[in-house]
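Derivation of every value follows stated rules applied to the coordinates shown; laboratory data play no part. Please read these numbers as outputs of a predicted model, since none were measured by experiment. Counting neighbours? That spans all protein chains shown, and the Cβs are built from the backbone with ideal geometry, glycine included.
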Amino acid sequence: MGAMRNAEVAQLLNRIARLMEIKGENRFKFQAFADASRRIDNWPEPIEGLHAEGRLREIPGVGTSLARYISEYLEGGHSPLLEELTTQFPLALLDLEEIPGVGPKLAVVLFHELGVRDLDSLEQAISDGRLQRLPRLGEKSARHILQGIKTVRQHSGRISLGIARPLAESILAHLQVLPAVQKAEICGSLRRWKETIGDIDVLVATDPKGAEEVMEIFTHLPEVRQVLLCGPTKSSVRVLHDLQVDLRVVPHRCFGAALQYFTGSQAHNVRLRELAIRAGLKLNEYGLFRLLDDQSIAGENEEEVYAALGLPWIPPELREDQGEVEAAQAERLPKLIEQADLVSDLHLHSDWSDGLDTARSMVEKARSMGYQYLAFTDHGEVLEVAHGLSLERFRAQRTALEALSQETSFPILCGVEANVLANGSLDFPSAEMDAFDWVVAGIHTGLASSGGTANDRLAEAMTGSKVDLISHPSGRLIGEREPYALDRAELFQAASLTRTALEINSHPKRLDLRDIDARQAKEAYHLPLAICSDAHSTGELDHVRYGVAVARRAWLTKDDVLNTRPLEALQDWVARRRRAREAAS
């Protein structure tokens with residue numbers, strides 16, 4: 001259950017860092033907490049084990065003071081430091097920072113000047129005009145903030161895939177080792193890998209005698225904050241992030257039917273029930289039955305349920321009633337991409353810019369994941385907030401990366417993630433782009449641009465022969481920032497004309513392109529796509545599994561994704577693309 005405690009401690013340190021920033025503490029002080037939060041969230045060992053063995057300081061950036069704060073929390077269940085900070089600033093102030101245009105400085109002004117403590121009081125301050133009367137604010141800012149409040153509220157109560165999936169897997173692992181458990185699976189929207197979820201559903205197969213033991217252990221897990229319900233076939237608890245987890249137990253003979261039923265989606269299940277009725281059958285969570293005599297004909301596993309309905313097994317990611325039933329009937333379901341198909345990551349950052357880990361560490365982790373090569377894409381110096389590199393430092397990085405590649409016998413592409421400026425140009429002279437093996441470009445500044453401006457910026461960036469990949473094309477941050485008002489069709493057309501690839505950014509706060517956009521990019525425009533982690537640490541390289549989930553929900557196959565190709569094939573694609581663009585310009 002270590003992953004849950006790691007996430008819990010990471011959340012604690014993140015809250016402390018953000019409240020320190022609001023308070024106006026020294027930047028290096030609150031940044032140390034923020035960096036430790038990111039490291040612990042992705043650390044491979046359980047944090048409580050490190051604490052018990054006195055090894056907390058083995059985590060880079062965790063010194064004596066930070067180790068003491070972590071130990072206090074793990075031993076006492078609360079943080080005196082966080083409690084001290086919340087006596088000065090309410091925790092709900094952190095919700096304000098999720099709103100575009102409201103950072104730590106404005107949050108503290110709103111708190112002191114207007115008494116704003118949460119989203120409701122901020123909305124009231126806008127309604128009665130008090131916010132608009134503050135210096136450097138006005139009606140335009142008020143409208144922008146109101147839209148931000150709406151965005152935050154729309155996602156209230158929903159948890160990102162990147163938080164929910166590790167929590168669910170940790171619970172599942174704990175249950176699977178119980179002797180009474182015959183089978184156990186995550187189900188619900190989380191099994192379909194939706195980008196946000198409302199709660200976690202877990203299904204277990206056991207006999208009636210074992211059910212009581214399973215429920216007893218489930219409701220007494222250390223991470224359980226509150227038991228909502230404890231019954232013979234269903235129990236519900238609340239865990240970290242106020243997330244509800246529902247556990248259902250069924251007999252082994254019903255497990256497949258129950259797994260299919262509780263996985264959903266509702267629309268997909270309706271389609272299956274329609275097929276069942278037409279065949280003189282009845283489908284529910286207990287099995288597939290003949291209407292004539294109520295005789296069970298399938299239910300132990302999902303494959304036999306689908307087969308009895310005349311269908312091949314349909315992957316959970318496709319079960320949204322978006323044509324998957326018709327494709328299954330016509331025997332044209334795609335062979336969906338799998339994480340094992342990826343041979344590289346084409347967008348990641350090292351400690352040369354704003355990454356936490358060294359290039360060597362990133363290479364070692366990539367090799368352990370089975371990758372054949374990497375592309376480092378640190379930021380340029382125009383993006384000061386990301387500690388961007390000057391041309392001279394990029395040249396030094398290339399020298400270092402080439403030496404590392406030779407030493408480790410691991411191919412490395414020397415790349416850059418360039419910033420697309422307001423006029424569509426990049427933050428590097430075009431002539432200097434020849435120095436990079438791989439060029440990624442994305443919008444990182446001027447995020448409040450109108451749709452037309454954002455489209456124009458990206459189209460202009462793609463027109464040059466140097467840009468190979470557009471990163472996080474819509475600019476969204478799930479639950480925090482709406483995407484640009486992009487015309488997707490216009491974006492895809494520009495990418496098609498310029499032979500530019502688009503990214504599926506795997507960071508769970510981005511997942512950008514979305515599944516529906518990636519599917520359109522493939523089916524209507526035949527665009528090459530790349531599934532990238534945008535990792536800033538070795539742990540974040542694992543985020544690529546969320547990008548793979550987006551790609552699977554988008555019906556993508558191995559052939560649709562650039563970084564399933566061996567290095568020579570990718571280099572050939574880059575060379576052909578750049579020659580074609582130069583010929584067209």
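Tabulated values for the structure
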| quantity | calculated |
| --- | --- |
| Sparse-neighbour loop sites [GluC sites (Glu not before Pro); the range 4-82; at most 13 other C-beta within 10 Å; DSSP] | GLU53 |
| Point-charge dipole on Cβ atoms (K/R +1, D/E -1) for the chain, about Cα centre, debye to 20 | 780 debye |
| Option label - semi-axes √(5λ) of the Cα gyration tensor in Å computed here, alternatives [x] 54, 36, 23; [y] 39, 33, 25; [z] 50, 37, 24 | [y] |
| Order of ILE149, ILE217, ILE16 under a 10 Å beta carbon neighbour criterion, fewest first | ILE217, ILE149, ILE16 |
| Inter-part distance where the range 306-379 and the range 105-156 are each reduced to a Cα centre, Å | 40 Å |
| Listed residue (TYR69, PRO90, PRO100) projecting farthest to the positive dipole end of the range 27-146, Cβ model | PRO100 |
| Beta bridges per DSSP with both ends in the range 344-584, % antiparallel, nearest 5 | 10 percent |
| Unit charges at the beta carbon, dipole of the chain: most positive-side option, ALA518, PRO508, HIS144 | HIS144 |
| Value at 222 nm in deg cm²/dmol, rounded to 500, when DSSP H runs of n ≥ 4 in the chain each add -39,500 (n - 2.57) | -13500 deg cm²/dmol |
| Dimensions (Å) - the range 19-58, Cα atoms, principal axes, largest first | 34, 18, 14 |
| Check: the range 266-329 dipole with +1 on Lys, Arg Cβ and -1 on Asp, Glu Cβ, in debye | 280 debye |
| Quotient of C-alpha Rg and 2.2 N^0.38 Å, computed over the range 344-584 | 0.92 |
| Measure of compaction for the range 266-329 (Cα Rg per 2.2 N^0.38 Å) | 1.04 |
| Mean separation of Cα contacts under 8 Å (6+ apart) over length of the chain, as relative contact order % | 10 percent |
| FRET efficiency, 1/(1 + (r/R0)^6) with R0 25 Å, evaluated for ARG57 and LEU91 via beta carbons | 0.35 |
| DSSP beta bridge pairing in the chain, given as percent antiparallel to the nearest 5 | 45 percent |
| Burial ordering of SER533, SER409, fewest other beta-carbon atoms within 10 Å first | SER409, SER533 |
| Neighbour-count order for MET215, MET362, fewest beta carbons within 10 angstrom listed first | MET215, MET362 |
| Options PRO312, SER296, ALA328, ranked by Cα towards positive dipole end of the range 266-329, top entry (Cβ charges) | SER296 |
| Nearest-20 debye value, the range 159-250 charge dipole, Cβ charges on Lys, Arg, Asp, Glu | 200 debye |
